[in-house]
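The values are calculated or read from the model by the stated rules, or taken from the named source; none is laboratory data. In this text, all values refer to a predicted model and were calculated from it rather than measured experimentally. Cβ: placed from backbone, ideal geometry, glycine included. Neighbour counts: every protein chain shown. When the accessible area is computed, the model is the full protein with side chains, heavy atoms only, and any ligands, DNA or RNA have been set aside. Shrake-Rupley method; radii C 1.70, N 1.55, O 1.52, S 1.80 Å.
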Number of protein chains: 2
Amino acid sequence: MSETLTTTYGTGFDDIRRLAAQLRVDSLRATGAARSGHATSSLSAADLMAVLMARHLDYDWHDPGARSGDHLIFSKGHASPLLYAMLTAAGVIDDDELIGTYRRFGSRLQGHPTPALSWVDVATGSLGQGLPIGVGLAWVIDRLEKRDNHVWVLCGDGEFAEGSIWEALETAGAKRLANVTAIVDVNRLGQSGSTELEWDMDAYARKVGGFDVEPIVIDGHDLEAIDRAMTAARRSDRPTAILARTIKGKGVPEVEDLNGWHGKALPDDMADRAIERLGGVSHGVVERRPPAQQPPGTRAEKAAAGATSRPHVELPRYERGKDVATRRAFGDTLRALAVVDDVAVVDGDVGNSTYAGTFAEDAPDRFFECGIAEQQLVSTAVALSVRGYVPYAATFAAFFSRAYDFIRMAAISRANLRLCGSHAGVEIGEDGPSQMALEDIAAFRAILGSTVLYPSDATSAAALTAAMVDLPGISYLRTTRGAYPVLYGPDEAFPVGGSKTLREGKDVALIGAGVAVHTCLRAADRLAEDGVSARVVDLYSIKPVDHAGLVAAASASGQRIVVVEDHHREGGVGAAVLESLADAGASPRVRLLAVQGLPGSGTAEELMNAAGIGVGDVVEAASALVKEGDGGS
Amino acid sequence: MSETLTTTYGTGFDDIRRLAAQLRVDSLRATGAARSGHATSSLSAADLMAVLMARHLDYDWHDPGARSGDHLIFSKGHASPLLYAMLTAAGVIDDDELIGTYRRFGSRLQGHPTPALSWVDVATGSLGQGLPIGVGLAWVIDRLEKRDNHVWVLCGDGEFAEGSIWEALETAGAKRLANVTAIVDVNRLGQSGSTELEWDMDAYARKVGGFDVEPIVIDGHDLEAIDRAMTAARRSDRPTAILARTIKGKGVPEVEDLNGWHGKALPDDMADRAIERLGGVSHGVVERRPPAQQPPGTRAEKAAAGATSRPHVELPRYERGKDVATRRAFGDTLRALAVVDDVAVVDGDVGNSTYAGTFAEDAPDRFFECGIAEQQLVSTAVALSVRGYVPYAATFAAFFSRAYDFIRMAAISRANLRLCGSHAGVEIGEDGPSQMALEDIAAFRAILGSTVLYPSDATSAAALTAAMVDLPGISYLRTTRGAYPVLYGPDEAFPVGGSKTLREGKDVALIGAGVAVHTCLRAADRLAEDGVSARVVDLYSIKPVDHAGLVAAASASGQRIVVVEDHHREGGVGAAVLESLADAGASPRVRLLAVQGLPGSGTAEELMNAAGIGVGDVVEAASALVKEGDGGS
């Protein structure tokens, strides 16, 4: 090896050059040992990250939980070898872990970064997500904390084709978030070929500038230019994008700027030559420069940091029998939760429909309006979760489908999000199928570790909305557009994972959630007239579901169950019931009533009847089941 | 009434002014009669649509199926009253239908437009979707048809916050699609308040211009300015955006430019005053100007128009026992399908991973590369379907979650899409959870009228890929990353809705799809050693599912079933089995084995074992079930 090993890298450019070489060498060594991984995408960004790490990132790698200091997000998560090489150069993971465990079973050094590493705020690897979350962090810090933490996001050029990048830049520009910088590694090559804009740096600058984000175009391998750009970025009074022209595979001439090397380790001989040429293996560590620790200043941040205790929340109370929409109860409860300093609400220009907007009246500083941009909506909620807040985000249930990939990734990030989808099912009536969520229960149930709640009345909606404060992971509350009678007294408890038996009955159990509970109650009345005794169960907690309650309901009603839901049949409430009962010893007969066919406009009742989930349908299915005779064992 | 009724509106501006008044009056009358709907959002765009209709839209309203002529898409679908008023003014629906049925049960005049109306190409109402589809149409027409049909898309300003709008403008600008014009109704007000940019027309122009789309800023109520803009738009050699500054509620001074009137009908007295002021009710019809009909010119379009018959397709053949990945078989089959002139393929920069890229080698003109922009990917496929082609779109299964709202809406549009998601489940190994689809089966099953297929080997993958050509609606094929043995001979048939019994057995049925079939086969071997006779079922068709086959399998195996899947438990293959059996008389005991916990990196086998879906897990579950004794009735 031709160079002397450096023990500690300082801030001089010679040291940074050595650091960059070490990051490249370690990226090659890690991918080589794993025989997979994105080597060339790491090499293009190594100079950018070396300068950032040595001179600009105000961050203590030895104290990743500190609230003071910058954030760094790898939006181009496939450059994980570079990130892990940085952790090694920071002295917080050792060489054996880097080379011995990268991409292997049980390792925290996964193919794409996840918060299994304490230095990683959010999982990335689905492109176009790191920047919206980074912008969310900048917004939260700027609005609620008045800190000077800067948010640096390393982006790929390919991901600039994702619309979510533009939702993020729009938000950054419009809110003038000077504390966020996108560092864009414009290496011209995507996975399967060149990007649309290749190295047209003017085009990138024009686009970014049009969104009121300051473009700074540089050669991404010129260390001094990178340094000047980062200095300018931190000083700017606007959000910034460092548009760095780079070479994919930089440092390894045999693969530089060549197609066909995306997502691949180099063959051993090629890697050996490259490492030799880069100066060989070194084990330098970047000088530690911990930022000054500053305690939480605002009431909101103190609460988010756990420094204050939660006040008592007075939940809204509703009179039994009165017609109140569950979405209204959700809004009332959010408003009541405004006294909790770390609760924040995110809206997508429908706050007057979801009733999330009521929160803004009492806590305008903790109300984040994203406009019609659901990906940014969920990203902002994720950012709030990263900083320790208790975010609620609401839109029409149908429109969370716009952000499904973000919700999926948030679960991998172990973010704690409380999502409320209003206007669910055909019940919404006149607006028609584009506004009707009929897939949301299936979609949310399939999310890792999620909770899915669907209250039938205002009392339970209020109780469950409040319970979500303490729920970990992704919790989802489905609310209904129309107003229906309050079924429960104000002191009723609604544990997550529970259910309520609203009526006892021995011949058949009618199980529903949300609006279907009211349908079941009316059906039970009609069945009683025919001499059929129907039990009615309010399955307000769809995941986790009340296994014991379902088994008991089946057992008490001759193993005959009818499940009714304002949702497609596949994967919905009925599926939740079946999945739960599959593990039970008993095998009840279950009939599923779910939305059939393509709905149009009409009144809620017309549409529920047309979809096969009306009172008559329930009566018919229950009667047929009872006539069939006894169920299984 | 002060004005004389005009019977036929010509192209003079006086006539257009009367037409615009009629569109406004009819929008007010329709929403008034329905007592709901978006009146003020219709009023702001009435002048734009009056000029378009009278002088620029090259379209025969009496022949909506014609291939010649322009497209008009209401991306702001909530302005449906305006669209329906236009249909009345075109003389294709009558006043009774407009006033008597709008938003009512059974009407084709729904709250938001759907193809229940022959003049509507696609359902809108989820904002930000009409423009990407319109750009897709322009791309398809430009690339495959060489026609001069122009695509006009009426957009709202609020929806410009959606990232998908920028995916569309990026595509239009980069491909220089001169045949598409976004007409942006900048009325400054969203649903819950003002938009971020309000009336900052320069900001809109800067943004749009940055995307290489020509901005044309006008007063959206100046008929002559609108006319000049539309003339310029059609003549431009670049895509255009007419940025029209408008007033929400224009024509009704009592609500003009006021918050709080979004999505509402006016009270009767206010509407009466407004109608009086607008000149009263009139029933004029716009002069018919049918465009010259031009027969399909290209081979691709002739095939799309049904003018040619399909050639025989020679499917790839695979040797039994050889290891071949199903994604490879998908790609081989796409390549074989290249001889079918109306088949087109859409890629999101992963064509070398999904193997969709193989198609480009034989039919480059029918291969649409969208870059990393999954919303535009699905929108382009929808556009191909609208023009009669047979689109296949492929990306990683996980990343279709990015376009879930577009898929949901495509189902309402009755589009015929063939979607292939590769790299499903923990089986992908080292890349980690961000790349693992574990929710896709639940999500796709819940889509209205969808078909969900999951082949276990190359032969079935090829057969099912080919079968998708003729499937209506949304069909989804899930492929696997790794190579596994070919299980079937090349002449085996795989009807959609069928299943295959790979091994007979009387004690228990092991049911899987995709990679899990191989797990089940290995488990059956191990169980045989323990004296347990296990049936193995390849459930390659998950929706529709083989109900009779499942009942038969349960019956032949002592009503004992183990379902294994590389997917989360909720809503997946197991749920499909349970939902199907719920309607059967018998009640088998079913155990579901699905992915548990958060996976990391590792080999496919390590990760499947860790997730609880390994061979050992199947053996254990099956053995326990057999030991428990007999199942239900």
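Heavy atoms of the protein chains alone define the surface here; on that basis chain A has 30 Å² accessible area per residue at 1.4 Å probe size. Based on Cα contacts under 8 Å between residues 6+ apart, chain A shows a relative contact order of 12 percent. Tell me, which residues of the stretch A:148-181 get at least 10 Å² less accessible area when the other protein chains come in, versus the chain alone (1.4 Å probe)? Buried-area filter returns A:Gly158, A:Ala161, A:Glu162, A:Gly163, A:Trp166, A:Glu167, A:Glu170, A:Ala174, A:Lys175.
Taking the protein heavy atoms of the stretch A:398-450 in the context of the full set of protein chains, the accessible area attributed to carbon and sulfur is 43 percent at 1.4 Å. Across the stretch A:316-428, the mean sequence separation of Cα contacts (distance under 8 Å, 6 or more residues apart), normalised by length, yields a relative contact order of 25 percent. Run through the other copies and list how far each one's label point is from that of A:Asp365, in nm with one decimal, shortest first; the point sits 7 Å from Cα along Cα-Cβ. Spelled out, the distances from A:Asp365's label point are 6.3 nm.
Toward the positive end of the charge dipole of the protein assembly as shown, with +1 on the Cβ of Lys and Arg and -1 on the Cβ of Asp and Glu, the farthest Cα among B:Ala329, B:Gln435, B:Val135 is that of B:Ala329.
How would the stretch B:262-372 be classified by its alpha-carbon gyration tensor: rounded, prolate or oblate, with rounded meaning a/c under 1.5 and the a/b versus b/c comparison settling the rest?
Details: a/c = 4.27, a/b = 2.28, b/c = 1.87.
Because a/c hits 1.5 or more and a/b exceeds b/c, the stretch B:262-372 counts as prolate.
Comment: the Cα-to-Cβ extended label point of B:Lys302, at 7 Å, lies 7.9 nm from its counterparts in the other copies, nearest first. Of the peptides B:514-520, A:266-272, the ranking by mean beta-carbon count within 10 Å, highest at the top, reads B:514-520, A:266-272. With an a/c value of 1.5 or above and a/b larger than b/c for the gyration tensor axes a ≥ b ≥ c computed over the alpha-carbon atoms, the stretch A:30-90 is described as prolate. Loop-located GluC sites (Glu not before Pro) across the stretch B:454-536 with a Cβ neighbour count of 16 or fewer within 10 Å are B:Glu492, B:Glu504, with loop assigned by DSSP.
Between the stretch B:112-133 and the stretch B:580-613, the C-alpha centres lie 39 angstrom from each other. A point 7 Å from Cα along Cα→Cβ stands in for A:Met270, and the other copies hold the same point at 6.8 nm, listed in rising order. Of the GluC sites (Glu not before Pro) found in the stretch A:216-274, not one falls in a DSSP loop while having at most 12 other beta-carbon atoms within 10 Å. Among the residues of the stretch A:445-482, those with an accessible-area drop of 40 Å² or more from chain alone to full protein complex, heavy atoms and 1.4 Å probe, are A:Ala446, A:Leu448.
Report the longest stretch of chain B that contains none of the trypsin sites (Lys or Arg not before Pro) sitting in a DSSP loop with at most 16 other Cβ atoms within 10 Å.
B:323-505
Taking every residue in A:309-316 and counting other chain Cβ atoms within 10 Å of its Cβ, the average works out to 0. Bridging of B:Lys543 to lysines at a Cα separation below 24 Å is possible for A:Lys543, B:Lys500, once same-chain residues fewer than 8 apart are set aside. Note on chain B: with charges restricted to the Cβ of Lys and Arg (+1) and Asp and Glu (-1), its dipole about the Cα centre is near 740 debye. Ordered from largest to smallest accessible area (heavy atoms of protein chains, 1.4 Å probe), the residues B:Tyr318, B:Tyr355 come out as B:Tyr355, B:Tyr318. Charging the Cβ of each Asp and Glu at -1 and of each Lys and Arg at +1, and nothing else, the dipole of the stretch B:350-470 about its Cα centre rounds to 560 debye. In straight Cα distance, which lysines are under 22 Å from A:Lys302, not counting same-chain residues fewer than 8 positions off? Filter leaves A:Lys146.
Evaluated over the Cα positions of the stretch A:393-465, the convex hull gives a direction-averaged projected area, one quarter of its surface, of 5.0 nm². Placing unit charges on the Cβ atoms of the charged side chains and taking the dipole of the stretch A:370-523 about its Cα centre, the candidate lying farthest along the positive direction among A:Val382, A:Gly425, A:Pro455 is A:Val382. Here the protein assembly as shown is treated with +1 on each Lys and Arg Cβ and -1 on each Asp and Glu Cβ, and its dipole about the Cα centre works out to around 840 debye. Over the stretch B:495-559, Cα pairs under 8 Å with separation of 6+ residues give a relative contact order of 48 percent. Listed by chain and number, the lysines whose alpha-carbon sits under 25 Å from that of B:Lys250, ignoring those within fewer than 8 places in the same chain, are B:Lys76, B:Lys264. Dipole of the stretch B:494-633 computed with +1 at Lys/Arg Cβ and -1 at Asp/Glu Cβ about the Cα centre; of B:Val619, B:Gly600, B:Val496, farthest Cα towards the positive end is B:Val496.
So what is the calculated 222 nm ellipticity per residue for the protein assembly as shown, using -39500 (n - 2.57) for each DSSP H run with n of 4 or more, over all residues, to the nearest 500 deg cm²/dmol? It would help to have the intermediate numbers written out before the result.
Working: 46 runs with 454 residues, N = 1266.
It comes out at -10500 deg cm²/dmol, rounded to the nearest 500.
Where the centroid of each part is defined by its Cα atoms, how far is the stretch A:38-104 from the stretch B:401-425 in Å? The stretch A:38-104 and the stretch B:401-425 have Cα centres spaced 36 Å from each other.
Listed here are the pairs B:Lys175/B:Lys248; B:Lys207/B:Lys248; A:Lys175/B:Lys175; which of them are more than 26 Å apart at the Cα?
Numbers: B:Lys175/B:Lys248 33 Å; B:Lys207/B:Lys248 23 Å; A:Lys175/B:Lys175 31 Å.
Going by Cα-Cα distance, B:Lys175/B:Lys248; A:Lys175/B:Lys175 fall outside the 26 Å limit.
Chains A and B together bury roughly 8200 Å² of accessible surface, counting both sides and using a 1.4 Å probe on protein heavy atoms. Here, the stretch A:98-240 has an Rg and a Dmax of 15.9, 46 Å when only alpha carbons are counted.
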